[in-house]
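*Asks:* Handing you this structure, nothing more for now.
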Amino acid sequence: MQRHVREHGRLRDGFVELAHYCRDRGIELAIVTHGMDFYVEALLDEAGLEWLPTYAVHTTFTDAGIQYDYRFTRPNCVEYGNCKCSIVDGYKSRGRQVFYVGDGITDLCPARKADLVFARSRLLEECQAEGLPHVELRDFSDVITEMERRSMSLEAAQ
């Protein structure tokens, strides 16, 4: 399965550049997903980004098939599987500003907690409906552009 992912899977445009942009500037970047770890790890490994922290569904391959382990859950979380909100809460509790990127309804809870959301698809519609601060995401270069814009604004204010 990982071989298939390495051969046919691909990261969204601009993600590799965003990862290096963040690493070069000491900005924490993590992947928070309901996806399976073997899939995410294969994509990152193929792109040379195996150093990125991931919060994914843990999988174990057995003779009986794939077993799933949701390691990032919270008892009061209404979402099935990993609780993306708890991961955002963890970063916020350490005083981090959180920019969140997402596209689905399972990204709405963490989007409500983030300082800024980069949204596409269903999440974009939900952000617009709720008036959440957001930027429409076409690809990950949009994140770099906004981070640069905010950086220049901070420098000008100082």
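*Asks:* Residue under question is D37, and the condition is that it be within 24 Å of L11 (Cβ to Cβ), in contact with a His (Cβ under 8 Å, 6 or more places away or on another chain) and among the acidic types (D, E); does it hold? Show your work before the answer.
*Replies:* Working: within 24 Å of L11 (Cβ to Cβ): yes; in contact with a His (Cβ under 8 Å, 6 or more places away or on another chain): yes; among the acidic types (D, E): yes.
Judged against the criteria, D37 is a match.
*Asks:* I'd like the residue in the stretch 96-130 that is small (G, A, S) and at pLDDT 95 or above and, out of all such residues, is nearest to D142 (Cα to Cα).
*Replies:* If we filter the stretch 96-130 for residues that are small (G, A, S), which is where we start, we get 102, 104, 111, 114, 119, 121, 129.
Next, from what is left, pick out any that are at pLDDT 95 or above: 102, 111, 114, 119, 121, 129.
On the way: G102: 13, A111: 17, A114: 17, A119: 10, S121: 15, A129: 21 Å.
The qualifying residue nearest to D142 (Cα to Cα) is A119.
*Asks:* Just checking: which of the strands (runs of 3 or more DSSP E) contained wholly in the stretch 1-118 hold 2 or more residues that are among the polar types (S, T, N, Q) and surrounded by 15 or more Cβ atoms within 10 Å (Cβ to Cβ)?
*Replies:* Of the strands (runs of 3 or more DSSP E) lying wholly inside the stretch 1-118, those with at least 2 residues that are among the polar types (S, T, N, Q) and surrounded by 15 or more Cβ atoms within 10 Å (Cβ to Cβ) span 54-62.
*Asks:* Could you please let me know if C127 is outside any strand (DSSP E or B), more than 23 Å from V16 (Cβ to Cβ) and out of contact with any strand residue (DSSP E or B) (no Cβ under 9 Å at 6 or more places or on another chain)? It would help to see each step written out before you state the result.
*Replies:* Working: outside any strand (DSSP E or B): yes; more than 23 Å from V16 (Cβ to Cβ): yes; out of contact with any strand residue (DSSP E or B) (no Cβ under 9 Å at 6 or more places or on another chain): no.
Taking the combined requirement at face value, the residue does not satisfy it.
The values are calculated or read from the model by the stated rules, or taken from the named source; none is laboratory data. Quantities reported herein were computed from a predicted structural model and do not represent experimental measurements. Quick reminder, even Gly has a Cβ in these numbers, built from the backbone with ideal geometry, and neighbours come from all protein chains shown.
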